[in-house]
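Trainee: This is the structure, below, for whatever I ask next.
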Amino acid sequence: MSAIGELFQGRRLMVILRGFSPERTVELAERAWGLGIELVEVPVQSEDGFAALGAAVEAARRPVGAGTVITPAQMRRVADMGAAFAVSPGLDLALVDSARQCGLAYLPGVGTASEVQMAAVAGLTHVKGFPAGVLGPGWFRAMRGPFPAMNFVATGGIDAGNATGFLDAGAAAVAVGSALEDAEQLPLLARIAGEK
C-alpha cells in the first residue's frame, strides 16, 4: 500500500485549516482530533501558513499535512518541518517526483479524466478531486468506471450536509474546511469520521 493509502486507510474525513493563526490552527486541530478526525491539512500559501503548519505539527497527535504545495522548494520545506503528507490543487509530475524524493505521502488535485490517467500512470493511488463542489458527485461516480483502482478525496465545497453524497458516489474520503467552525455540523462530522 502507498504511503498516502496508509494515511487514508479507514479514514473518510480530513479537515483543511486555511488562513488561521498558529494558535487557532492548533485549537481547531485539537477539536478535529477530539471528534475522531485524524487527518489535518494546513495550507502553506504564505509565511503565516508555514507558521500555522509548524504549530500544528508540534502539537500533533495525528498526521498533519501541508496543503497548497505548488513548488519543489515548498515540498522540501514542509518535509523538513515534519509534515506527514503534502497536498496540491493540481497535478504536476515534477511535484510527484519531489514528494518521492522528500519521502512525503502526496495527494495531488485532479479535475479531468486525463489528469486521473496521468496520475495512475505515475503510480499514484490517491488523488484529490477538486473542486468537488463544482464537479459534483456524478463526476466521482463516473471516474470509478475507468479508474476502479484510483482512490478519490473529494475536496472543495464539502460540508457535513453534502459529504455523504460524495462518499456514496465513490469518493474514498472527503475534506472539509469551514464546517469545523460550525457547531451544528460537528455531530455530523463526528458521525462521518466514525463510519468505516
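Trainee: Between Arg141 and Ser2, 0.36 nm times their residue separation minus their Cα-Cα distance comes to what?
Mentor: Using 0.36 nm per residue and subtracting the Cα-Cα distance, I get 47.8 nm.
Trainee: Same structure again: Whenever you get a sec, compute what percent of the accessible area on the chain sits on carbon and sulfur atoms (1.4 Å probe).
Mentor: 52 percent
Trainee: Scan around Tyr106 for amide H atoms under 5 Å from its own, H built in the peptide plane at 1.01 Å from N, and keep only partners 5 or more places away or cross-chain.
Mentor: Result for Tyr106 returns Ile4, Ala86.
Trainee: Which distance in nm do the two modelled labels at Ala113 and Met81 give, with both placed 7 Å along the Cα-to-Cβ direction?
Mentor: Spacing of the two 7 Å Cα→Cβ label points: 3.8 nm.
Trainee: Identify, among Val127, Cys102, Val15, the residue whose Cα sits farthest towards the positive end of the charge dipole of the chain, taking +1 on the Cβ of Lys and Arg and -1 on the Cβ of Asp and Glu, with the dipole about the Cα centre.
Mentor: Highest projection toward the positive end goes to Val127.
Trainee: Can you give the accessible area per residue of the range 97-178, in Å², using a 1.4 Å probe? Spell out each step's value before the answer.
Mentor: Working: 3260 Å² over 82 residues.
Ligands and nucleic acids excluded, the result is 40 Å² per residue.
Trainee: Starting from the amide H of Leu13, placed 1.01 Å from N in the peptide plane, find each other amide H under 5 Å away whose residue is 5 or more places distant or on another chain.
Mentor: Under 5 Å from the amide H of Leu13: Val174.
Trainee: Ordered by residue, what ³J(HN,Hα) values in Hz, to whole numbers, does the range 79-89 give under the Karplus form 6.51 cos²θ - 1.76 cosθ + 1.60, where θ = phi - 60° and Gly and Pro are x?
Mentor: Values, residue by residue: 5, 5, 7, x, 4, 8, 7, 10, 10, 10, x Hz.
Trainee: Considering amide H positions built from the backbone, and no H for Pro or chain starts, which residues 5 or more places from Gly90, or on another chain, come under 5 Å of its amide H?
Mentor: For Gly90, the qualifying residues are Gly109.
Trainee: Which of the peptides 15-21, 2-8 is most tightly packed, and how do the rest follow, judged by the mean count of other Cβ atoms within 10 Å per residue?
Mentor: The peptides rank, most packed first, as 15-21, 2-8.
Trainee: Calculate the dipole size of the range 1-116 relative to its Cα centre from +1 charges on Lys and Arg beta carbons and -1 charges on Asp and Glu beta carbons; express the result in debye to the nearest 20.
Mentor: Its charge dipole is roughly 220 debye.
Trainee: What is the packing order of peptides 170-179, 155-164, taking the mean over residues of other C-beta atoms within 10 Å and listing the highest first?
Mentor: Put in order of decreasing packing, that is 170-179, 155-164.
Trainee: Related question: Using unit Cβ charges (K, R positive; D, E negative) and no other charged atoms, how large, in debye to the nearest 20, is the dipole of the chain about its Cα centre?
Mentor: Dipole about the Cα centre, nearest 20: 520 debye.
Trainee: To continue, here is another question. Which residue, Ala173, Gly67, Val57, has the largest displacement toward the positive end of the dipole of the chain when charges sit on each Cβ (Lys, Arg +1; Asp, Glu -1)?
Mentor: In the chain, that residue is Ala173.
Trainee: So, one more: What does the accessible area per residue of the range 1-46 come to in Å², with a 1.4 Å probe and no ligands, DNA or RNA counted? Each step should come with its number before you reach the end.
Mentor: On the way: 1940 Å² over 46 residues.
On a per-residue basis, 42 Å².
The values are calculated or read from the model by the stated rules, or taken from the named source; none is laboratory data. Nothing here was measured: the structure is a model prediction, and the numbers come from that model. Note: ideal-geometry Cβ built from the backbone for every residue, glycine included; neighbour counts use all protein chains shown. Just the protein is used for accessible areas: all its heavy atoms, side chains included, with ligands, DNA and RNA removed. Shrake-Rupley method; radii C 1.70, N 1.55, O 1.52, S 1.80 Å.
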